[in-house]
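Accompanying notes for the structure given below.
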Amino acid sequence: MLLLKRSRINPVSKKQEIKNTEWKALGRYLTKHRAKGRCEIPRCEERFKLSAHHIIFRRFNLHNAANCLIVCGHHHSHHEWGSGIPMSAEQALVFVVKLNKEHDIDPNITGSSIK
């Protein structure tokens, strides 16, 4: 029997893989210390399928706590099966500043600076 090696159609570069790992670390940190294990969208109490969401598109390399909102799968989806973020990017940025101040989190913290 011939075993084929699995490969990605669009492989991820080593640099992008490091960024992804750091973003996930930041998401875990903020989920625990700022979101307290819940979706940060007001009036959403979801505790499952939480992930870090870039407020300003990730292609602008703003991978810090000031540009990160912890959301559930329903709010992270921008397609027909989810509602997406129910606020503008400007509103979300102001909201995150408030959350960071409330929980004494440095807005410039990144995944690479988390111990």
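The values are calculated or read from the model by the stated rules, or taken from the named source; none is laboratory data. All figures in this text were calculated on a predicted structure; none of them were measured in a lab. Neighbour counts run over all protein chains shown; Cβ positions are idealised from the backbone, glycine included. Heavy atoms of the whole protein, side chains included, go into the accessibility calculation; ligands, DNA and RNA do not. Shrake-Rupley method; radii C 1.70, N 1.55, O 1.52, S 1.80 Å.
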* Qualifying residues in the stretch 5-32 (those that are within 11 Å of the chain's Cα centre (by Cα) and not charged (D, E, K, R)) - the one modelled with the lowest pLDDT -> 20
* How many residues does the stretch 38-49 hold that are hydrophobic (A, V, I, L, M, F, W, C) and either farther than 21 Å from residue 88 by Cβ or in a helix (DSSP H, G or I) (or both)? -> 1
* **Unmet requirement for residue 15, which otherwise passes all of (1) free of Cβ contacts under 8 Å to residues at least 12 places away in the same chain; (2) under 26 Å from residue 113 (Cα atoms); (3) open to solvent by less than 60 Å² (accessible area, probe 1.4 Å)** => (3)
* Can you tell which of 35, 66, 52 is within 12 Å of the chain's Cα centre (by Cα) and part of a loop (DSSP other than H, G, I, E, B)? -> 35
